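Encoded as structure tokens, the structure appears first; notes follow it.
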Amino acid sequence: MSFGRPHRAIIADDHAIVRTALSATLSDPDAMDGQTIEICEEVENGIEAIRAVRQHRPELLMLDVTMPHAGGTEVLLEARRWSPETKVVILTGVEASGKIAELVATGADGIFCKSDDLGEMTRAVPRILEGARVVCSRFAKLLETASEAEPLTTRERQVLNQVVAGRTNREIGETLGISIKTVDRHRTSVMGKTGAHSAAELIAFALREGLIDPNSSQ
């Protein structure tokens, strides 16, 4: 049984098999706890996702976080700009606490892991359409574990990104306008907080936690 008028949805993912699976699931009222969802468009890149949201103003946007031309965070912000009432559900295979925390802070209504089956997401979508915000259990545990670790300061993140870029302490100091001694102190602090013992381990940590920021040198 359908509850009121159908909800319109856009599916944005650069993998056709994912779009097909999501479309079949969302279109099944039994799977959606009686809610009727109509797929008004499927798109395969971020620019098309933004265009589709502007055109349709849907109730629901199912959004892959990593797509060509515009990433999930950018699309989410644009969706909020053009269609504030649209509920945005993020799907990602990136299991990095830094990235998940960023998506939560940006205001995603739902965040789910592509490594999981569709069950948890399927049960959550009707609640999200009613106004709930849901983070899947896998990511909730990831965020809980990350919150127990001592966070990096803004300056430490800047130094970390410079290390990832392959710059020496002297180059980092010149870029950030600080002394080599201060760079070394921040670098030592970062290694202590992350448990890294080399530049390679710092890079691995930054990649794993989604901390690499291409604008960090600005």
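Each reported figure results from applying straightforward, stated rules to the coordinates on display, with no laboratory input. Just so we're clear, the structure is a prediction, and the values are computed from it rather than from any experiment. Cβ coordinates were reconstructed from backbone atoms using ideal geometry, including for glycine residues, and neighbour counts include every protein chain displayed.
Things to note:
- Counted by Cβ distance under 9 Å from Val18, the other residues give a net charge of -1, where Lys and Arg count +1 and Asp and Glu count -1.
- Taking the number of Cβ atoms within 10 Å of each Cβ as an exposure proxy, the fewest-first ranking of Thr154, Thr92, Thr175 is Thr154, Thr175, Thr92.
- Under-5 Å amide H pairs with Ile37, H placed in peptide plane, nonlocal only: His7
- Tilt relative to the chain, helix 154-164 - C-alpha long axis, 0 to 90 degrees, to 10: 80
- Tensor-based shape of the stretch 94-133 (alpha-carbon gyration tensor, a/c under 1.5 rounded, otherwise prolate or oblate): oblate
- Peptides ranked, highest mean first, by Cβ atoms within 10 Å: ranges 182-190, 197-205: 182-190, 197-205
- The chain shape via C-alpha gyration tensor axes, a/c threshold 1.5: prolate
- About the Cα centre, charge dipole magnitude for the chain (Lys/Arg +1, Asp/Glu -1 at Cβ), debye: 760
- Lys, Arg +1 and Asp, Glu -1 on Cβ, resulting dipole of the stretch 24-79 about Cα centre, debye, nearest 20: 280
- On Cα atoms only, tilt of 72-82 relative to the major axis of the chain in degrees: 60
- Think of the chain as a dipole: +1 on every Lys or Arg Cβ, -1 on every Asp or Glu Cβ, centred on the Cα centre; then among Ala199, Pro84, Val125, Ala199 lies furthest on the positive end.
- Computed over the chain, the per-residue total of -39500 (n - 2.57) for DSSP H runs of n ≥ 4 gives a 222 nm mean residue ellipticity of -15500 deg cm²/dmol, rounded to 500.
- Derived scalar couplings ³J(HN,Hα) [the stretch 116-127; Karplus, 6.51 cos²θ - 1.76 cosθ + 1.60; whole Hz; x for Gly, Pro]: 8, 6, 7, x, 5, 5, 4, 5, 7, 4, x, 5
- Relative to the longest principal axis of the Cα atoms of the chain, helix 199-209 runs at roughly 20 degrees.
- Shape class for the stretch 1-60: oblate, because the ratio a/c of the largest to smallest gyration tensor axis (alpha-carbon atoms, square roots of eigenvalues) is 1.5 or more and b/c is at least a/b.
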